[in-house]
């Protein structure tokens with residue numbers, strides 16, 4: 001449920017938009033002058049990026065807000081283009097304003113992949129995903145409109161720095177300039193004709209929204225509640241096999257997983273777990289975890305999403321779509337598979353997990369090596385991320401997921417007793433300590 005604005009706070013401040021971003025929106029979407037959009041925050045406060053759903057009578061888009069100007073080599077934009085060109089179903093970028101830190105994305109809805117028939121909407125999630133809706137005030141729009149009309153938008157780069165992206169990030173086919181009579185007519189009917197004073201990039205962005213509107217809105221609306229474990233997870237497995245078959249040679253990836261990165265992730269868990277519980281076994285745990293990290297680093301690598309779990313897979317009428325891919329890198333084949341099947345946010349029956357693992361092996365044409373080893377590291381890493389939200393950002397909403405993450409790591413460790421005999425006892429201890437914390 002949405003919550004009212006705090007007394008004395010403007011809608012834009014509450015939503016997290018600054019004046020330059022408002023000016024960009026008004027220059028790109030003139031209809032917002034006439035009728036302000038309804039803004040709904042989609043991410044918790046601790047996120048380094050903010051996402052807002054902007055809704056008006058013509059439909060909705062998602063706004064990605066940055067705290068600083070967007071660099072030309074931005075990982076999210078570069079990878080979005082690369083994946084889209086490769087045919088992998090990532091979210092579409094509609095417009096981008098680099099200088100003001102604003103990206104306009106298609107709205108894929110809020111139905112996460114779910115093991116329960118009917119899907120799971122954002123409203124069903126834990127407190128970390130509470131949405132506080134905020135209307136846009138007339139004062140906000142007047143100030144932003146004045147900034148745009150006075151030339152502040154052009155001075156901030158809006159006249160030239162809209163999508164398509166800068167050199168090195170060519171325009172994707174889906175974002176090609178709209179030029180046909182049908183496209184122009186559809187844009188006019190939708191009220192999206194951009195002012196003549198704006199640059200060609202902004203005009204193209206406005207037209208692209210109109211062209212994409214039918215597919216975007218219909219997919220988001222018809223997809224809500226459409227996924228089941230059999231359909232949604234099976235498609236997610238097929239998409240994962242497709243990802244792992246892609247040639248990563250030209251992909252603008254983050255540095256690959258190696259022993260140091262695996263160990264750094266586990267050390268974050270140990271540091272934050274110790275802060276929250278007072279546990280004093282860090283040195284002993286490092287001695288257990290380091291050989292595991294060395295073994296993981298020797299596994300063959302494929303292109304990994306890096307956070308391939310249900311909250312980053314949205315169920316739409318057009319199928320499963322992928323978000324939050326900016327950390328893609330090379331890593332073990334089992335990494336994304338374990339992220340999906342051992343996801344602490346949900347529970348899949350053991351027989352279903354095995355069926356999906358078999359499906360992946362058949363689709364990928366490869367067996368999944370070292371699955372328990374990879375799953376154990378990934379789950380402890382996830383527990384560290386949840387603990388860090390509390391320690392670093394004072395956000396306790398992820399703490400309920402620490403226990404299931406550690407318990408599933410504990411189960412995986414029991415399959416590793418021959419090569420890592422101290423791992424299962426360590427996980428047993430960690431589960432016990434966390435349980436005592438209550």
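Only the coordinates and a few stated rules stand behind these numbers; no lab work does. This structure is a prediction, so every number in the text was calculated from the model and none was measured. All Cβ positions, glycine included, derive from the backbone under ideal geometry; neighbour counts span all protein chains shown.
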Placing each pseudo-label 7 Å from Cα in the direction of the beta carbon, residue 393 and residue 280 end up separated by a distance in nanometres of 3.3 nm
Place the peptides 397-404, 310-317 in order of packing, highest mean first, counting for every residue the other Cβ atoms within 10 Å and averaging per peptide.
-> 310-317, 397-404
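Please give the peptides 383-395, 88-100 ranked by average Cβ packing (other Cβ atoms within 10 Å per residue), highest first, as a rough proxy for protection.
Working: 383-395: 19.2, 88-100: 22.8.
Final packing ranking: 88-100, 383-395.
Of the listed peptides 232-239, 252-259, 104-111, what is their order by residue-averaged count of other C-beta atoms within 10 Å, with the highest listed first?
Values: 232-239: 21.4, 252-259: 16.5, 104-111: 24.2.
Most protected by this proxy first, the peptides run 104-111, 232-239, 252-259.
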With label points built 7 Å along Cα→Cβ from the Cα atoms of residue 362 and residue 245, find their separation and express it in nm.
-> 1.5 nm
